[in-house]
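Worksheet for the structure shown next.
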Amino acid sequence: MPLDLHNSLTRRKDRFEPLRAGRVGLYVCGPTVCDEATITDARKVVVFDLLHRLLLRLYPQVTCIRAVPDLAMPGPSHPAHEAGHQDLDALGILRPDREPHASEHTDQTIALIQALVDAGHGYAAAGHVLFSVASIPRYGQLSRRPRGDAEGQVRSEAISFKRDPADFVLWKPGTDGRPGWPSPWGFGQPGWDVACSALSHHHLGPTFDIHAGTVDELFPHHENQLAIGRCVHDGALPARVWLHSGLVTLPDDVPPTVGQLFRKGWDAEVIRLTLLSAHYRQPLMFGTDGLTQARATLDRWYTALRHANLAAGGARPAPDQAPDALVFPTLAALEDDLNTPLALSHLHELAGQLNKAGTVAEQTRLAAALAAAGNLLGLLRHQADTWFKTGLQNAAIETRIAERTAARRAGNFAEADRIRQDLAAAGIGLEDMAGTTTWKRT
RNA sequence: GGCGCGGUGGCAGAGUGGUGAUGCAGCGGACUGCAAAUCCGCGUACGGCGGUUCGAUUCCGCCCCGUGCCUCCA
């Protein structure tokens, strides 16, 4: 089962081959969970979590590193980090193998800067250390940006000690109030780009498989990491595949953080599905309409699963027993550059088949397959009945339903409808099945 | 201005050089005490103008619109 990924370096979809057979290193770059997670952060994290899960399924040994660039507010115990973690865990994110903090790798970062200086790629000037883009043959390879464009030169006058306007900061002198560290070049702090390079180098080595981030980081951040990486490994690329996820547009009707969405009552799976409803490289409009539609979609799938449970006398679907052939189309869609919209269409296909299934055995197979396919995406992790009943006063509702059932049996439909209406007003919808009545929040 | 990315039916959103996914909404039907759920059926969608081609939504050029980056900031 081949995996194809769109590589920003080649600007094509390429067949993925691990550098070392069976072992994959994944580095997720950029600002993550330094504060309460924003929707934009969440998209990146969810998308590359999906990739992480997929890699785990395809390769025996996967190392996922998610960098935390906390130079501005150092320390893994920063309270904001924990809040971010809680939200991300709730979204069903697999914890990366390590989440190195830039603030805890300043020794490695300084060593890396020193190595660059020693090799003639970095130079000190006015308390800074700068990377000399002229010292490598192909700066700009990733972003394909023409060198020396007019405006860049104008802006660079502010830092006139640069040898080349495109040179970027490896170390900068300390400023009052900001965290800093001692170094051979004085007290100060590392540039963001080298810090990330040091993290990936330290945890995954000089060359690893996949470097992932958002498009807005492509230039200059990733370009600079690429340049640094080349210098410490004889010109070889630090990562073979560079992935970029698209940005999120937030309409005014939606709060900017995941935590706020939770507080407004949006379920984690609804948020996750909304984030996966567009292909990861496409721009995503994250609005209430999208959330509403995602919830309707999950309701449809959970309804199918619930009916199958009922038919099977309460048995839950067993995703691990799903026939491979039924799950395969979903997996294949994900292996094709994480084509989540296509994968989701396969879930709909499974749900449709499940709804039409004639026998309990068939329903069991299809329910297992639907759950398994959903799990590939980190979805459908709840028990179906729970999905519809979360947070509600079950006992009281069951009593009312029993009263209504009695009324129906007695032919007192006026009373039955009154109870239905009462419950509907309380946000409870009733569903009369063959021999029983189920309910759900609406 | 430079370098990118995108514009698909009412909405969301894949995909493809030639039988036009999928979901939501809508319309018609089946089922139902009513309803819900479900099932069946229904839609001449590919920003504009040219070009290549037997044939383009899909390839090329130009234009329009939207959006991202253009540096040391996390």
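Which condition number does A:Leu243 fail, the rest of (1) within 16 Å of RNA strand B (Cβ to nearest atom); (2) among the aliphatic types (A, V, I, L, M); (3) surrounded by fewer than 18 Cβ atoms within 10 Å (Cβ to Cβ) being met?
So the condition that A:Leu243 fails would be (3).
With the condition kept exactly as written, say whether any residue in segment A:101-122 is among the acidic types (Asp, Glu), at pLDDT 90 or above, open to solvent by 30 Å² or more (accessible area, probe 1.4 Å) and outside any helix (DSSP H, G or I).
no
Looking only at segment A:308-343, count how many residues are farther than 17 Å from A:Ala372 by Cβ, touching a residue at least 60 places away in the same chain (Cβ under 8 Å) and part of a helix (DSSP H, G or I).
Final tally of qualifying residues: 2.
Among what's in segment A:8-57 and is under 21 Å from A:Leu276 (Cβ atoms) and surrounded by fewer than 18 Cβ atoms within 10 Å (Cβ to Cβ), pick the residue that is modelled with the lowest pLDDT.
Top of the filtered list is A:Lys13.
Just checking, how many residues over segment A:186-232 are away from RNA strand B (no atom under 16 Å from the Cβ), of a type in the set (A, V, I, L, M) and open to solvent by less than 10 Å² (accessible area, probe 1.4 Å)?
1
When you go through (1) under 20 Å from A:His101 (Cα atoms); (2) touching an Asp or Glu at 6+ places or on another chain (Cβ under 6 Å); (3) away from RNA strand B (no atom under 16 Å from the Cβ); (4) of a type outside the set (A, V, I, L, M) one by one for A:Gly259, which number turns out not to apply?
Unmet condition: (1).
Looking only at segment A:325-375, how many residues end up being of a type outside the set (D, E, K, R) and either within 10 Å of RNA strand B (Cβ to nearest atom) or farther than 18 Å from A:Ala304 by Cα (or both)?
Qualifying residue count for the region: 24.
The values are calculated or read from the model by the stated rules, or taken from the named source; none is laboratory data. Keep in mind the model is a prediction, meaning the values are calculated, not measured. Because the Cβ atoms are built from the backbone with ideal geometry, glycine has one as well, and the counts that use them run over all protein chains shown. Just the protein is used for accessible areas: all its heavy atoms, side chains included, with ligands, DNA and RNA removed. Shrake-Rupley method; radii C 1.70, N 1.55, O 1.52, S 1.80 Å.
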